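Colleague: Here's a structure for you.
Throughout, read-outs are computed from the coordinates displayed, never taken from laboratory work. All of these numbers come straight from a predicted model, not from anything done at the bench. Neighbour counts are summed over all protein chains in view; Cβ atoms, including those assigned to glycine, are modelled from backbone coordinates with ideal geometry.
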Amino acid sequence: MNASRLSHADLLMLKRWNTPTVYNGWEQITGRNAAAECFNSEETRDFMPQMGPMVGYAVTVVIEPGNPEHPRRNPNAWKEYRQYVAGVPGPKIVVVQDLDQPQVAGAFWGEVNSNVHRALGCVGTIIDGAIRDVDEMTNAGFKALARRLCVGHAFSVPVRWNCEVEVFGCKVRPGQLIHADKHGFLAVPEEDEARLLEAALFMDANECQTIIPAARNAAGQSLEEILAGISRAEAAFGARVREKFGRKGEF
């Protein structure tokens with residue numbers, strides 16, 4: 001579990017920005033391969049886009065709804081799993097690996113499970129499988145990024161938890177900071193958390209002070225003037241990024 005969590009105030013500020021904006025900051029500070037790591041490589045679907053982004057720390061669980069042996073092997077699975085979730089400080093996002101995928105046998109999430117997890121401090125889920133009861137989940141204030149919808153629940157019980165999982169082509173460890181919205185999700189490495197908010201705010205402000213106004217103030221200018229203005233703005237954008245992070249930025 002991450003011992004140096006961000007404050008609730010910082011998490012609320014991160015929640016004000018979409019996930020691509022947070023990514024733009026993260027790629028400037030990380031030592032990881034930002035073109036290939038720490039985000040979903042497969043398409044996700046946000047079933048509650050009107051709720052905006054969600055931010056929280058990962059609690060993890062593996063399921064296999066198509067296997068009827070799991071409820072018999074551990075009849076106390078739900079109790080033990082909920083004790084784990086309850087013991088982790090919030091806000092939390094439940095990251096669920098469904099071993100049945102790409103087939104879907106049943107949904108781990110519905111009205112009841114969403115309300116229970118909301119009571120345990122969870123704000124939503126990323127599940128590489130199915131959900132159901134979308135309206136009721138939304139009413140509970142529980143956001144979901146999932147692969148699809150389905151009707152039944154089959155044998156949806158926790159198989160193992162508090163372990164590394166892989167969802168939508170991205171590995172997630174318990175305690176990782178997650179930022180997610182309709183674009184997908186970013187699983188922030190622990191070493192990058194401390195500078196994440198500052199970097200995201202800087203990159204967003206840099207865009208708003210250079211490239212975007214240069215493009216939007218183009219009315220009445222000739223094509224040559226527009227292109228020259230955009231080139232100057234790109235240069236200013238890159239210079240600010242290099243000064244701040246020692247990197248080139250997007251351009």
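Colleague: Given a Förster distance of 30 Å, report the FRET efficiency between R195 and S41 from their Cβ-Cβ distance, rounded to the nearest 0.05.
Modeller: Details: r = 24 Å, r/R0 = 0.81.
Between R195 and S41 the formula returns 0.80.
Colleague: Sort 95-104, 123-132 by packing, meaning the average of other beta carbons within 10 Å per residue, with the highest value first.
Modeller: 123-132, 95-104
Colleague: In addition: Scale the Cα Rg of region 196-245 by the rule-of-thumb value 2.2 N^0.38 Å and send over the ratio, two decimals.
Modeller: Details: Rg = 12.2 Å, N = 50, 2.2 N^0.38 = 9.7 Å.
After normalising by residue count via 2.2 N^0.38 Å, the value is 1.26.
Colleague: With a cut-off of 8 Å between alpha carbons and a minimum separation of six or more residues, what is the relative contact order of region 35-100 in percent?
Modeller: Values: 44 pairs, mean separation 33.4, N = 66.
With pairs under 8 Å counted, the relative contact order is 51 percent.
Colleague: Separation of region 181-233 and region 89-162 by C-alpha centroid, Å?
Modeller: Each part's Cα centre sits 34 Å from the other's.
Colleague: Report the Rg/Rh value for region 53-121, based on alpha-carbon coordinates and the Kirkwood definition of Rh.
Modeller: Values: Rg = 12.7 Å, Rh = 13.2 Å.
Rounded to two decimals, Rg/Rh equals 0.97.
Colleague: Quick one: of K92/K244; K182/K244; K171/K244; K92/K171; K15/K171; K143/K244, which pairs are farther than 26 Å apart, Cα to Cα? Intermediate values should be presented prior to the final figure.
Modeller: Values: K92/K244 31 Å; K182/K244 29 Å; K171/K244 30 Å; K92/K171 17 Å; K15/K171 22 Å; K143/K244 35 Å.
Exceeds cut-off: K92/K244; K182/K244; K171/K244; K143/K244.
Colleague: Could you work out [θ]222 nm for the chain from helices alone, using -39500 (n - 2.57) per DSSP H run of at least four and dividing by all its residues? Round to the nearest 500 deg cm²/dmol.
Modeller: Numbers: 9 runs with 95 residues, N = 251.
Estimated from H runs of four or more residues: -11500 deg cm²/dmol.
Colleague: Let me ask something else about it. Under a Cβ-Cβ cut-off of 12 Å, what is the net charge of the residues other than A194 that fall near it, where Lys and Arg count +1 and Asp and Glu count -1? All intermediate terms of the calculation are to be shown ahead of the outcome.
Modeller: Numbers: positive: R5, R195; negative: D10, E190, E191, D192, E193, E198.
It works out to a net charge of -4.
Colleague: In debye, nearest 20, what is the charge dipole magnitude of region 70-179 about its Cα centre with +1 on Lys and Arg Cβ and -1 on Asp and Glu Cβ, if you could check? Spell out each step's value before the answer.
Modeller: Numbers: 13 positive and 10 negative charges, 56 e Å.
It comes to approximately 260 debye.
Colleague: Determine the relative contact order of the chain: mean sequence separation of Cα pairs under 8 Å and six or more apart, normalised by residue count, in whole percent.
Modeller: On the way: 486 pairs, mean separation 69.9, N = 251.
Relative contact order of the chain: 28 percent.
Colleague: A further question follows. Given +1 on the Cβ of Lys and Arg, -1 on the Cβ of Asp and Glu, and no further charges, what dipole in debye does the chain carry about its Cα centre, rounded to the nearest 20?
Modeller: Numbers: 27 positive and 31 negative charges, 93 e Å.
Using only the charged Cβ atoms, the result is roughly 440 debye.
Colleague: Let me ask something additional. What is the magnitude of the charge dipole of region 42-126 about its Cα centre, with +1 placed on the Cβ of each Lys and Arg, -1 on the Cβ of each Asp and Glu, and no other charges, expressed in debye to the nearest 20?
Modeller: Numbers: 7 positive and 9 negative charges, 88 e Å.
With Lys and Arg at +1 and Asp and Glu at -1, about 420 debye.
Colleague: Put one equal scatterer on each alpha carbon of the chain, apply the Debye formula with no solvent term, and list log10 I(q)/I(0) at q = 0.09, 0.11, 0.12, 0.17 1/Å to two decimals.
Modeller: -0.45, -0.62, -0.71, -1.20
Colleague: Given region 108-247, what percent of its DSSP beta bridges are antiparallel, to the nearest 5?
Modeller: Details: 8 of 15 bridges.
Around 55 percent of the beta bridges assigned by DSSP in region 108-247 are antiparallel ones.
Colleague: Additional query: Between R118 and E243, what is the label-to-label distance in nm when each label sits 7 Å out along the Cα-to-Cβ direction?
Modeller: 4.7
Colleague: Could you order peptides 114-121, 211-218, 81-88, 69-76 by the average number of other Cβ atoms within 10 Å of their residues, highest first?
Modeller: In descending order of packing, they fall as 114-121, 81-88, 211-218, 69-76.
Colleague: Then there is this: If R0 is 41 Å, what FRET efficiency do you get for M13 and E80 from their C-beta distance, rounded to 0.05?
Modeller: Given R0 = 41 Å and the Cβ-Cβ separation, E is 0.70.
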